[in-house]
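The values are calculated or read from the model by the stated rules, or taken from the named source; none is laboratory data. All values reported here derive from a predicted model rather than from experimental measurement. In this analysis, Cβ positions are derived from the backbone assuming ideal geometry, glycine residues included, and neighbour counts consider all displayed protein chains.
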Amino acid sequence: KGDHFAVHWAQSVNLPTSGIREILDLALQMPDVIRLETGEPNFPPAPCVIDAYCQAARDGYNRYTASQGILPLREALAEKIWRVNHVARTPDEILVTPGGSPALFVAFMGILQPGDDLLVPNPGWPDYLGGVQALHLNAHPYPLRAPDFWPDLDTLTQCVTPKTRAIVLNFPGNPAGSLPDANHLKALVAFAEQHDLWIISDEVYDQIVYEGSALSPATLAPDRTISIYSFSKTYAMTGWRLGYLAAPKSATESLGRIAMGLWSSVSEPLQYAGLAALRYDQAGIVERLARYRARRDHCLDILHSRHIPVTTPQGAFYLLVDIARLGQDSRSFALDLLQNEHIAVAPGQAFGSQTASYVRVSLASSEADLDAGVSRLADLIASSD
Ligand code: PLP
């Protein structure tokens, strides 16, 4: 038994730690740092959401609920998925989760076996890999290529093995913020069909879209798509831990049974808070989006005026600033920037090899921090010429 635990302990120690975390942990130990490294809205949740939480707790909603989530919330989510994502899902096809990350984990756990291969985007959110490794899956990164960070189907096909069972799509994505057009999406879904893959569609940024609209693969292939959503970014509720997934009923039923063993049910007052967010904070979504867009445009003006290459994200809230001309790897650049200038950015290599010569700036930080931090960053990059 002792050995058994030793093996598992060793495996958990080997879990990858995120390169964003490294900068964040250092930044937290230093005074007066301009924090542009994490994707966390600087807004508080709407007052109506906080009130709904307190009211639900006072009214006695403090118990376990059905593991798939309370029915009124799932009904409201079905309505949202129809209105925003244009997918018809019934409340039975929705599972409420404690955030997008556990929704991803439960999806991986439910549809994949140890040893299976899974396609993940490069660049992509590094935290996919924690769940992948804990479940003994093999992640095969597929490249999203600059400048538009769109997957190239030929390369994608080369990443498929006889053990590939699923592909993670993330549009609009972290860190690149690109969006597929209808033809791109059709080709990707056809690829998944051809190789009989599940599509795990991470749509946590579905309501943070500046140009175009976030098309869900579930509009084309509802029977093979598990869509992952979250209240974290849309409603500035990162610390509350509320998310949901939508999938065919057979899948949500089995995923609900796994959820039962993992978290029993999501906090009951929190589910009522989520319901209030859906009902009463629609204007808040529009206001926050306008702020992110203004921040994006302001930062792009600063960087373009100094001729520094940078992505123009169509969605999500990140800029990828190209630092290739500095000839320094992005991790050591980010560490130097923190040490010397007290500016924290996420090194692009944390998201995969395709962004090794970029740093990621989060537009979820305040206007003042973005203005000061991005101006200084731009000066530094420009002065290297
Ligand atoms: N997916 C992506 C692409 C993300 O960037 C994040 C958070 O940064 C998540 C999922 C998970 O969000 P949460 O667990 O807070 O819902």
### Message
Let me spell it out: the conditions are (1) under 25 Å from Asp59 (Cα atoms); (2) in contact (Cβ under 8 Å) with a residue 40 or more places away in the chain; (3) not acidic (Asp, Glu), and Thr234 meets all of them except one. Which number is the exception?
### Response
(1)
### Summary
Contact list, first residue from segment 53-80 and at pLDDT 95 or above, second anywhere and among the basic types (Lys, Arg) and assigned to a loop (DSSP other than H, G, I, E, B), beta-carbon distance below 7 Å, six or more apart or interchain, is Ala78/Arg89
### Query
Is there a residue in segment 252-260 that is under 27 Å from Tyr53 (Cα atoms) and outside any helix (DSSP H, G or I)?
no
### Task
Output the residues belonging to segment 132-149 that are more than 21 Å from Leu179 (Cβ to Cβ) and buried (at least 21 other Cβ atoms within 10 Å of the Cβ).
Val132, Leu137
### Scope segment 18-50; condition of a type outside the set (A, V, I, L, M), touching a helix residue (DSSP H, G or I) at 6+ places or on another chain (Cβ under 9 Å) and in a loop (DSSP other than H, G, I, E, B); matching residues
Ser18, Glu37, Thr38, Gly39, Glu40, Pro41, Asn42, Phe43, Pro44, Pro45
### Task
Starting from segment 97-109, take each residue that is closer than 12 Å to Val266 by Cβ and list its partners that are within 10 Å of the ligand (Cβ to nearest atom) and assigned to a loop (DSSP other than H, G, I, E, B), counting only C-beta distances under 6 angstrom and pairs at least six apart or across chains.
Pro98/Arg241; Gly99/Arg241
### Query
Under 7 Å by Cβ, and 6 or more places apart or on different chains, what pairs join a residue from segment 327-342 that is under 16 Å from Ala356 (Cα atoms) and assigned by TED's automatic domain parsing to the domain that holds Asp369 with one that is in a helix (DSSP H, G or I) and of a type in the set (Gly, Ala, Ser)?
Ser330/Gly348; Arg331/Gly19
### Identity of the residue in segment 175-210, among the small types (Gly, Ala, Ser) and under 26 Å from Ala356 (Cα atoms), that ends up farthest from the ligand (Cβ to nearest atom)
Ser178
### Query
When the residues of segment 221-246 are filtered to those that are of a type in the set (S, T, N, Q) and outside any strand (DSSP E or B), which remaining residue is farthest from the ligand (Cβ to nearest atom)?
Thr234
### Task
Could you tell me which residue of segment 300-316 is nearest to Ser357 (Cα to Cα), considering only residues that are of a type outside the set (S, T, N, Q) and in contact with a Leu (Cβ under 6 Å, 6 or more places away or on another chain)?
Val310
### Query
Given the residues Leu179, Leu197, which is the only one that is of a type outside the set (Phe, Trp, Tyr) and at pLDDT 95 or above?
Leu197
### Query
For segment 114-144, what are the residues that are away from the ligand (no atom under 16 Å from the Cβ) and in contact (Cβ under 8 Å) with a residue 40 or more places away in the chain?
Gly115, Asp116, Asp117, Gln133, Pro143
### Task
Identify the single condition in (1) touching a residue at least 60 places away in the same chain (Cβ under 8 Å); (2) within 20 Å of the chain's Cα centre (by Cα) that Ala356 does not satisfy, given that it satisfies every other one.
(1)
### Task
Would you tally the residues in segment 195-220 being in contact (Cβ under 8 Å) with a residue 40 or more places away in the chain, assigned to a strand (DSSP E or B) and under 14 Å from the mean Cα position of the chain (by Cα)?
3
### Task
Report, by residue number, each residue of segment 102-113 that is of a type in the set (Phe, Trp, Tyr) and away from the ligand (no atom under 11 Å from the Cβ).
Phe108
### Query
Identify, please: which residue in segment 155-173 is of a type in the set (S, T, N, Q) and surrounded by 14 or more Cβ atoms within 10 Å (Cβ to Cβ) and is, among those, farthest from the ligand (Cβ to nearest atom)?
Thr164
